[in-house]
Every structure is written in structure tokens, then in C-alpha cells.
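The values are calculated or read from the model by the stated rules, or taken from the named source; none is laboratory data. On a predicted model such as this, the values are computed, not experimentally measured, just so you know. Cβ atoms come from the backbone with ideal geometry, glycine included; neighbour counts cover every protein chain shown. Calculation scope for accessible area: heavy atoms of the full protein, side chains included, ligands and nucleic acids excluded. Shrake-Rupley method; radii C 1.70, N 1.55, O 1.52, S 1.80 Å.
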Amino acid sequence: MEHKHIYDKDGKQLCCTQEEKINMVANKQLKKEHKEVGCCAIDEPKHDEHTDDDGHGHSGGNESTFKMFLPAIISLALLLIAIALDNYFPQSWFTGWVRIIWYGVAYLPVGFPVLKEAIESIGKGEVFSEFLLMSIATIGAFAIGEYPEGVAVMLFYAVGEVFQTLAVKRAKANIKTLLDQRPDEVTILQNNQAKTIKAESVNIGDIIQLKAGEKLGLDGELLSEIASFNTAALTGESKPDTKAKGETVLAGMINLNTVSQVKVTTAYKDSKLSKILELVQNATAQKAPTELFIRKFAKIYTPIVVLLAVLICIVPVLFVENYVFSQWLYRALVFLVISCPCALVISIPLGYFGGIGAASKHGILFKGSNFLDIIASIQNVVMDKTGTMTEGVFKVQEVIIKQDFNKDEILKMVNALESQSTHPVATAIHNFVGEIDSTIELKNVEEISGHGLKAEINGKELLVGNFKLMDKFSITYDIDPTTIVYTLIAIAYDKKFVGYLTIADSIKEDAQETVNKLKALGVNTVMLSGDKTNVVKFVADKLGIINSFGDLLPEDKVNKVKELKTLNETVCFVGDGVNDAPVVALSNVGIAMGGLGSDATIETADVVIQDDKPSKIPMAINIGKQTKRIVWQNITLAFAVKAVVLLLGAGGLATMWEAVFADVGVALLAILNAVRIQNMKF
């Protein structure tokens, strides 16, 4: 059956490439180290995956690495002996066929796998691959009697591939270690008896007993009165996070103090950690423009290089008097080795993968390497106020109810209606009023976007929301909302204005640092909110944000972002990723705050900040800039060195040794540079 190449939506070839081979070998080595074929596969997020500290025994890492280098070690030993016999300890027997066979045996451990790949690639229709270039160059070297150089070229190429594989494996393993913190087994309570079972077989509603120091295996609701957790695996935040009874706790969190009980609310495969792990692992499928360009370039570049090599060998016969075929063939072979695009096709994807890994380490999840590129050149950060720059934890400050109404009855009705909403304001009202009165019967409940809630109670209309809601239903009121620098919740019952609640929110402790860092990066900041204009202006002035707009409906936010985009400027929008979906879709990059709070957030946004810290916004931009810088350093290095050595090779001034440096040497330098980002501080 004829093989057909697989391509993604951007035209990237997914099979029969060196990158595919490197990734496959890296995945295979990870599996071997974990001893179980279906375990810990980086490309199989649905399988049960583990880390070294979860009780799942791992070993064999050093042995596996040694096996990867073994063919190169054998070839190197045979090559060094042959060079010694050629130049330093000449032997009469080491001549003729014996010498050729010796070098042939030295070549096979490193050369045979590449020759095999070249033949398989040709069989699949991919003629001009890196494998073919190296095969032609080394077989050609043997053909003209340059045996040591033929073996050396393939030896260094093989060593380069091993280092590339190790670099990719390390990048992937780092992300797995960071994110996949789920234990194999959990302890559940059945009839008040503790029972240890597989985490994947736990049912929703089961109660997990979590000892101090244990990791939680599934998402759930805390049943104990209070518990402290280490959330570093999820958020990158080392400070303990204290949870109270009824709050959500997530797979991967580590219980820090007393024994706690958690009621399971999500199936193992649907946990937040599973979704995050899958998101990061699939991130490299979204290729950056630079990557796509290099791929397309390499596809055109390689056949041209082969043609030029043929011309270098043949054309001089027409112009050179003392033409010696072997000399010009040697130059053509040197040209082929130099031109191999390994440094580009491996180091660039690795650079982006490193950037995604570095961001994940700090609790910032990029959905694709293309967003690393875009965020690096972002000019405007447009941010929501509530939950982004403020805590989003509202508290009722005062209650103003007209004397004509019973304050307690009105608050009970408001509390009952607000129970239909998940907005932070509803939580604040519930915390203030207390338990919901179950005797209150709500009818025709309706949420009016950007305004508030409406319902019927006892045959009369109850309105709870902002003062725009009052205007919409022609409710007259005797106060000026613009004079109060708090969030106001207006109440109307039976077509009459009842009064209002004032609710206050506090600015996040790192909000000021965020704005300062964005300014230092040369990024303009804008604050948009559906909250009152004077509240928004108060917060913006305190943070030093010049442009702020309040009283906005979702469509108003869209229009504000459109205004910025008409100036041909890039826009990053930061919000909750659910209510602001239209703005997220319109912006160049959509960042969701509080990724741990909403599955929809993870699905909507391009970037998810897991711990609600706005200071991660400038950090994400900085990571994008550093990643882009490293990628372009590698591109410049590869092209500069190759261009110089190509010219020297065509002119007969460069040998195979210089060619090896231009190919494998540059590839290794580029890989080391790409890996560097994972150890940077941001």
C-alpha cells in the first residue's frame, strides 16, 4: 500500500521527518525508563502517568542513555584505532581490503540506522531528507578513499542525534514532572473503613481520606473544616493555600497538615490536572510562524542543495584545465554535509517547547508556540478589573433600604434570587445574608447580560442589579450612583425602588507591580469593566493606569478592543475567558485568569494563568520575548556559520571536519542554547 504523508491544518508534515524521529525516540526512551510500555508516554496523556516521587518505581535512566550512545562508542573506538594504525603505529597488515573492511565495520553502527532511514523515507516519497544527505556524503567519502572522514561525519551526526533526543526527552520529562502529579492509588472511606483503590476507579461522590503529605488524586470538595495544601504543581506558587469546608480542591495538591476528607466531584480522566496536562502536551501542535517558515524553507532548500552539489562536482569540468573528479566530488560532499538543515529543524521546535515548559513551570499555560511569538510583540494589554486586578472577593459594606419596606424580607428575597448566579457579587450577598430561605418561590428567573437579575416573587417583579437595570425597566430612584465609589447593587420590587447595597473589592497585592512591569516592557495598559465608571477610575488611578472605562456591556468591550486594533496595534485581553469570550476571540492573545476555577476558561483562552496573579502577565510576555530571542539566535548562528563554511567548501578551502562543525557542531550549540530557557529566571 502506498504511503501518504500526513499534514496538519498549517501544512506541516507530521510524518517521515527528523523531528518526528527525534520525538519518537525520546518518547520510547521515556517509556523504557518507566519500564511499562503504556506508562508515562509523553504523547499518551490519557494513560496513567507518574513521577519518581509518587511510589511508582522508575529506574534504568543511566542504562538507557548508555545504550543510546553505545553505537557511537563502538564506532569511535574502531575509528581511533584505525587512525592510530594509519598515522602513528603503521602495520603492514593494515592495508588494502583489511583497512577498507575495518573502516566499514566502524561505519556500520552509526551509519546503518541512517541509511535505513534514508531508504524508508524514499519509499514513502520523501526523497530529499537529512538522512539522504548524510548517506550520500559518507558513501561518497568512502568512494573516493576518504574512509576516516566518512566514518567521522556519520559518527558526529549520530552523536548529535543522541544529544538532540536527550534534549527533547529532558524538556518533555520536565513538563511531565511538573504537571503530572497524580498518585496511582487513593484511600477512600467505605462504611467508615479506609480502603486503598486505584485512583482511576474512584467514583464521583466517593470520599477520599488524605493524610498529611499525601497528594490528592482527583478533584473534589473539602469536607473537613480547614486544610492547607501545597499547590506548586498546579500554580507554580510555593506558598501554602488554606482551604475551608466546601471549597474546591484539585488533583495534584499536597495535604500539608492534619488528615482531611475530600468528596470527589470529577472523574479521574476529567480532572483539571488531566486537562492541563493534555493542553501543555498538545501545545506544540500549534506551530509558530517562524517554525512553519523554516519547515517550508527546508523543504525547498534541501533539493536545491543537492542540485548545487551535483553542479559543483560536474560543471568545473567545462572550465578547469586540470580537473580531477575526486577533488571536486570531495568538495560537493563537503557542501552536502554543511548544508544539512539539522540545526534549524530540531533546535527551533525545541526552543519553543522550552518556552512552553518554562511558562508551565510558573503556572502559565500556552496553548501553542504561535502564542509565544504573538505575545512577545504585544503592544496593548487590556484587562478586566474584577478578578484580574482586584481580588474578586466582594464584601457587603452597607445596606440602604427605604423605610417603606421590610429590610429582612427584602434581603431574603435578594439572597434567593442571587443564588441563581455564580457572580462574585452573589457570593458576597449570600455570605452577608446567610442561608437561603427555601420558602421563597422564584418564577421566570432571567439574567440580563451586563445588567443583573429579574424574577417574580408573590406575583410581583423583583429586580437586582446595577442602576442600568433600573433605567431599563423605568424605575425611578432618588440617588446619584456616580457619587458613590463602591460597587452598587440596586433593588426594585413591584416597580418601586427599594434601595441598594454597597459592595467593595480589594486590589490584588501584585497589581501595582504588574502595571509597573508592563510599562517597563513598553506595553500600554487599559482597564475595562462592567462596574461603575467611578469605581473603575478609582482602581485605575490607584494603579497608574491612564485609560480606563466602566459601565461597559460585553459588546462595549468588543468595540473598545476594535478601536485599538484599528490603530494596527496588537492587543492582549485578560479576563475570565467565559463572559468575555467575544473579546478574547477578537484580541490577538486572550489570557484567562483563574484557570483553576473554570473548565470553560481553559477551553476559551489562548493562555491560562493558573493562580490568578496578574504579575504573571508581564512574566508571560517576557518568556515570549526570551523564547523568540533564542529562536532567532539559533537561526542566525546556523545560517551564518553554514554560509561561511559553504563558500569555503565550494572553493576547496574547507574539509569534512569543518563541514561536521557546520552541521553537527552548530546543531549542538543551537540545542544547548534552546535548552537554556528552561533554567532562566523571569
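Find the residue count for segment 363-394, including only residues that are closer than 30 Å to Thr502 by Cα, of a type in the set (A, V, I, L, M, F, W, C) and open to solvent by 20 Å² or more (accessible area, probe 1.4 Å).
So the answer is 1.
Being surrounded by fewer than 17 Cβ atoms within 10 Å (Cβ to Cβ), of a type in the set (A, V, I, L, M) and over 36 Å from the mean Cα position of the chain (by Cα): is that true of Leu647 here?
yes
I need a count of the residues in segment 232-249 that are touching an Asp or Glu at 6+ places or on another chain (Cβ under 7 Å), at pLDDT below 75 and among the polar types (S, T, N, Q).
1
For Thr514, all conditions in the list (1) open to solvent by 20 Å² or more (accessible area, probe 1.4 Å); (2) modelled with pLDDT of 90 or more; (3) in a helix (DSSP H, G or I) hold save one; what is the number of the exception?
(1)
Could you tell me how many of the residues in segment 326-352 are touching a helix residue (DSSP H, G or I) at 6+ places or on another chain (Cβ under 8 Å) and either without any contact (Cβ under 8 Å) to a residue 40 or more places away in the chain or open to solvent by 50 Å² or more (accessible area, probe 1.4 Å) (or both)?
2
When segment 401-432 is examined, which residues are found to be in a helix (DSSP H, G or I), under 45 Å from the mean Cα position of the chain (by Cα) and surrounded by fewer than 19 Cβ atoms within 10 Å (Cβ to Cβ)?
Those that are in a helix (DSSP H, G or I), under 45 Å from the mean Cα position of the chain (by Cα) and surrounded by fewer than 19 Cβ atoms within 10 Å (Cβ to Cβ): Pro424, Thr427, His430, Asn431, Phe432.
Taking segment 555-581 on its own, how many of its residues are at pLDDT below 75 and open to solvent by 30 Å² or more (accessible area, probe 1.4 Å)?
Total meeting the criteria: 4.
Being basic (Lys, Arg) and over 20 Å from Gly387 (Cα atoms) is the filter here; which residues of segment 493-530 pass it?
Lys495, Lys496, Lys519
Exactly one of (1) part of a loop (DSSP other than H, G, I, E, B); (2) under 30 Å from Gly252 (Cβ atoms); (3) at pLDDT 90 or above is unmet by Val393. Its number?
(3)
Based on this model, can you work out whether Leu653 counts as farther than 19 Å from Leu372 by Cα and in contact (Cβ under 8 Å) with a residue 60 or more places away in the chain?
No, not satisfied.
Val641 - would you say it is in contact with a Phe, Trp or Tyr (Cβ under 6 Å, 6 or more places away or on another chain), modelled with pLDDT under 90, farther than 24 Å from Asp219 by Cα and outside any strand (DSSP E or B)?
no
With respect to the numbered conditions (1) hydrophobic (A, V, I, L, M, F, W, C); (2) modelled with pLDDT of 90 or more; (3) in contact with a helix residue (DSSP H, G or I) (Cβ under 9 Å, 6 or more places away or on another chain), which one is the sole condition not fulfilled by Ile484?
(2)
Being open to solvent by less than 70 Å² (accessible area, probe 1.4 Å) and touching a His at 6+ places or on another chain (Cβ under 9 Å): is that true of Lys508 here?
Considered against the rule, which asks whether it is open to solvent by less than 70 Å² (accessible area, probe 1.4 Å) and touching a His at 6+ places or on another chain (Cβ under 9 Å), Lys508 comes out as no.
For the list (1) farther than 20 Å from Gln610 by Cα; (2) modelled with pLDDT of 85 or more; (3) polar (S, T, N, Q), I need the number of the one condition that Asn257 fails.
(2)
Quickly run through segment 294-325 and pick out the residues that are open to solvent by 40 Å² or more (accessible area, probe 1.4 Å), part of a helix (DSSP H, G or I) and at pLDDT 85 or above.
Those that are open to solvent by 40 Å² or more (accessible area, probe 1.4 Å), part of a helix (DSSP H, G or I) and at pLDDT 85 or above: Leu307, Leu308, Val310, Leu311, Ile314, Val315, Val317, Leu318, Phe325.
Determine if segment 652-666 includes at least one residue that is touching a strand residue (DSSP E or B) at 6+ places or on another chain (Cβ under 7 Å), at pLDDT below 85 and crowded, with 19+ Cβ neighbours inside 10 Å.
For segment 652-666, residues touching a strand residue (DSSP E or B) at 6+ places or on another chain (Cβ under 7 Å), at pLDDT below 85 and crowded, with 19+ Cβ neighbours inside 10 Å: absent.
Can you name the residue in segment 597-616 that is modelled with pLDDT under 75 and of a type in the set (A, V, I, L, M, F, W, C) and is also nearest to Gly363 (Cα to Cα) among such residues?
Ile602
Considering (1) surrounded by fewer than 17 Cβ atoms within 10 Å (Cβ to Cβ); (2) among the hydroxyl-bearing types (Ser, Thr, Tyr); (3) touching a helix residue (DSSP H, G or I) at 6+ places or on another chain (Cβ under 7 Å), say which one Ser360 fails and leave the rest.
Against the list (1) surrounded by fewer than 17 Cβ atoms within 10 Å (Cβ to Cβ); (2) among the hydroxyl-bearing types (Ser, Thr, Tyr); (3) touching a helix residue (DSSP H, G or I) at 6+ places or on another chain (Cβ under 7 Å), Ser360 comes up short only on (1).
Of all the residues that make up segment 338-390, how many are of a type in the set (Lys, Arg) and part of a loop (DSSP other than H, G, I, E, B)?
The number of residues fulfilling the criteria is 2.
Taking segment 455-505, which residues are open to solvent by 60 Å² or more (accessible area, probe 1.4 Å) and touching a Ser or Thr at 6+ places or on another chain (Cβ under 8 Å)?
Residues satisfying the conditions are Thr482, Tyr486.
Could you list, in sequence order, the residues of segment 434-454 that are over 21 Å from Tyr477 (Cβ atoms) and open to solvent by less than 50 Å² (accessible area, probe 1.4 Å)?
Gly434, Asp437, Ile440, Leu442
Looking at segment 532-551 only, could you name the residues that are open to solvent by 20 Å² or more (accessible area, probe 1.4 Å) and not in a helix (DSSP H, G or I)?
Lys532, Gly544, Ile546, Asn547, Ser548, Phe549, Asp551
Could you grab me the full set of residues in segment 82-130 that are of a type in the set (D, E, K, R) and assigned to a helix (DSSP H, G or I)?
Of everything in segment 82-130, those that are of a type in the set (D, E, K, R) and assigned to a helix (DSSP H, G or I) turn out to be Asp86, Arg99, Lys116, Glu117, Glu120, Glu130.
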